[in-house]
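Trainee: Dropping the structure in here first, questions after.
The values are calculated or read from the model by the stated rules, or taken from the named source; none is laboratory data. Since this is a predicted model, take the numbers as computed values, not measurements. Cβ atoms come from the backbone with ideal geometry, glycine included; neighbour counts cover every protein chain shown. Just the protein is used for accessible areas: all its heavy atoms, side chains included, with ligands, DNA and RNA removed. Shrake-Rupley method; radii C 1.70, N 1.55, O 1.52, S 1.80 Å.
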Amino acid sequence: MTGCRFGDRALADTRDGPILTAHRAGLIGCRGCGRVWPDAEETCARCGAALVPPDRRSLAAVWAWLLAGFIFYVPANLFPMLKTKTLGGLGGSSESTIFGGVIELLHYGNWFVAGVVFTASIIVPIGKFIAIAWLATVAGKPATVHDAHRRLLLYEVVEFIGRWSMIDVFVVAILSALVQLGFVASIHPGPAAVAFALSVAFTMLSAQSFDPRLIWRGLPLRNRKD
Amino acid sequence: MQSEGTYDLTTGAGLVACPRCDALHVEHDLEPGETARCVRCNVVLARPRAGAFTRIIALSVASLVLLIGAMFFPFLEISRMGFGNQTSLFGVAMAFSEGPLMPLTVALMVTILGLPMLRSVLLVYTLLPLSRNRPPLAHAVWAFRLSETLRPWSMAEIFVIGTALALVKVAGLAAISLGPAFWAFCALILVNAASNVFTSATTIWDAIEDGGMRTDDRMPLRGQGLG
């Protein structure tokens, strides 16, 4: 294996000066492996990934997935997530939605789990919708370097945290598989589990469709090569 | 190949673009242990580690063994008032197997078991020849790209945390015992974390390229067609 080639020196006039991007140089960078190609190329010949120019057209996919994620988030909250039966229905059977489940956990004094479920199923998804919508709105608009760093940090947080919302679906699956004690108690999943899983998946796709390179450039994008 | 530190602004040879912010960098060789970061957004561009490929292979095989073990051993067991229930990972996935929730069963099996296993196999396929200084196998580019694409969808570690939460939830309701599959999944988190430390995608792409794979026409080719 030969040594790895990589640079930590940017093509900048000075350390704080303007940084030359691939796009400005009339080139196109591969987001998969970092290779740089002439602008006309469509596929990276090293890693096979499609070469996409960093322009606002890619935001259409972000909005589409985000909308799909939001649409599925509605039934995820309206329908029951869990259906619980105790003592063959004599001890009562209940259906709980995401929010109802949190209230129920609080009621039993289970603050920790209630907090985790509330964060993972309500705060994080709603925060993600707002964050992605905001990033997509301001993407490509002029920003200071400081703004850009903040936006990138927000993007990284959204990208990292997205998968973790799936935790509630796993909890429902485990509870439903485990708590099958016949007469004593049984738990079944509700339709909200599917809606929630889809909502999380679509939001993940939305975040993945967002091109963080857009954070770093002002409009207009396609024609400016100054 | 271009000589060290030279670049061509018309073809992009010898340059690297940051995947996060598009800033151009000049390629140069890194020693194992060094880290190259983007000067603008500070994202890690490459982080070669000595013996990384061999370690990733070892960790991938370990992860495969753990996953296969986790499939067959009991996962969790609960009992209450003489009623008991034991579940395996299949049981967990099958929780959604009634009627309209069926697709979720498939999705669970895929994200918990399928994708982690597939990624392990793909990584071994990509890296085994490279770790022995042989040219990569025919579909190495495709295999590694697929593995990277699937990375966020492989959710074994999220599943373990979900299990822990579920256990806290039912702790008051019934007695629970943890099966070997549960511990296998806990070990899997550590194995995955270690594997991530050693994985530097750009380093692997460089190795695939240097190993004689099809590349752009600026590079010398080893009996392969042009891209």
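Trainee: How much of the accessible area of the range B:51-210, probe 1.4 Å, is carbon plus sulfur, in whole percent? Don't skip to the answer; put the middle values down first.
Mentor: Details: 4740 of 6680 Å².
Of the solvent-accessible surface of the range B:51-210, carbon and sulfur hold 71 percent.
Trainee: Any residues in the range B:29-64 that have 50 Å² or more less accessible area with all protein chains than in their chain alone, probe 1.4 Å, and which are they?
Mentor: By number: B:Val39, B:Arg40.
Trainee: Where the accessible area of the range A:54-216 is counted over protein heavy atoms with a 1.4 Å probe, how much of it, in %, is carbon and sulfur?
Mentor: Numbers: 5100 of 6870 Å².
Here it works out to 74 percent.
Trainee: Another one. How many Å² of accessible area per residue for chain B, probe 1.4 Å? List each step's numbers first, then the result.
Mentor: Details: 9850 Å² over 227 residues.
That works out to 43 Å² per residue.
Trainee: Now for a separate question. Which angle from 0 to 90°, rounded to the nearest 10, does the C-alpha axis of helix B:156-170 make with the longest principal axis of chain B?
Mentor: The helix B:156-170 is inclined about 20 degrees to chain B.
Trainee: Just report the Cα centroid separation between the range B:41-68 and the range A:117-192, whole Å.
Mentor: 27
Trainee: Moving on. Mind putting a number on the dipole of the range A:39-176 about its Cα centre? Charges go on the C-beta only, +1 for Lys and Arg and -1 for Asp and Glu, and I need it in Debye to the nearest 20. Could the numbers behind the result be given before it?
Mentor: Details: 10 positive and 10 negative charges, 36 e Å.
Magnitude of the dipole: close to 180 debye.
Trainee: Can you tell me the orientation of helix B:115-131 relative to chain B, as the angle in degrees between its alpha-carbon axis and the longest Cα principal axis, to the nearest 10?
Mentor: 30
Trainee: Helix B:52-72 versus the longest principal axis of chain B: what is the Cα-based angle in degrees, 0 to 90, to the nearest 10?
Mentor: It works out to around 20 degrees.
Trainee: Just give me a number: lysine pairs in the protein assembly as shown, eight or more positions apart or cross-chain, with C-alpha atoms less than 30 Å apart.
Mentor: Lysine pairs meeting both conditions in the protein assembly as shown amount to 6.
Trainee: Among A:Tyr73, B:Tyr7, B:Tyr125, what's the order by accessible area (1.4 angstrom probe), most exposed first? If you can, show how the numbers build up before the last one.
Mentor: Values: A:Tyr73 20, B:Tyr7 100, B:Tyr125 75 Å².
From most exposed to least exposed: B:Tyr7, B:Tyr125, A:Tyr73.
Trainee: Once phi is turned into ³J(HN,Hα) by the Karplus curve 6.51 cos²θ - 1.76 cosθ + 1.60 with θ = phi - 60°, what whole-Hz value does each residue of the range A:103-115 show in order, with x for glycine and proline?
Mentor: The phi angles translate into 4, 4, 4, 4, 4, 7, x, 8, 4, 5, 5, 4, x Hz.
Trainee: With +1 on each Lys and Arg Cβ and -1 on each Asp and Glu Cβ, how big is the dipole of chain B about its Cα centre, in debye rounded to the nearest 20?
Mentor: Values: 16 positive and 16 negative charges, 109 e Å.
The dipole magnitude comes to about 520 debye.
Trainee: Please express the shape of chain B as an equivalent ellipsoid: the semi-axes are the square roots of 5 times the eigenvalues of the C-alpha gyration tensor, given largest first in whole angstrom. Can you show the working numbers first?
Mentor: Details: eigenvalues 376, 63, 51 Å².
Semi-axes from the Cα gyration tensor: 43, 18, 16 Å.
Trainee: Which cysteines does chain B leave without a neighbouring Cys Cβ under 4.7 Å?
Mentor: That list is B:Cys186.
Trainee: Can you give me the relative contact order of chain B as a percent, contacts being Cα pairs under 8 Å and 6 or more apart? Please list the in-between numbers first.
Mentor: On the way: 307 pairs, mean separation 52.2, N = 227.
Relative CO of chain B lands at 23 percent.
Trainee: Can I ask one more? Give the residues of the range B:122-154 whose amide nitrogen is closer than 12 Å to a point set 7 Å from the Cα of A:Val52 in the direction of its Cβ.
Mentor: The answer is none, because no backbone nitrogen lies closer than 12 Å to the label point.
Trainee: Chains B and A: how much accessible area gets covered up at their contact, both sides added, probe 1.4 Å, in Å² to the nearest hundred? Before the final figure, lay out each step's value.
Mentor: Numbers: alone 13560 and 13800 Å², together 19810 Å².
Separately minus together, B and A give about 7600 Å² buried.
Trainee: Determine the shielding of peptide B:85-95 by partner chains: average, over its residues, the number of Cβ atoms on other chains within 10 angstrom of each Cβ. Walk me through the numbers before you get to the answer.
Mentor: Values: counts 9, 3, 6, 1, 2, 1, 6, 7, 2, 3, 13.
Average per residue, whole number: 5.
Trainee: Given the protein assembly as shown, report the % of alpha carbon pairs whose separation exceeds 37 Å.
Mentor: Details: 34806 of 102378 pairs.
Roughly 34 percent, rounded to a whole number.
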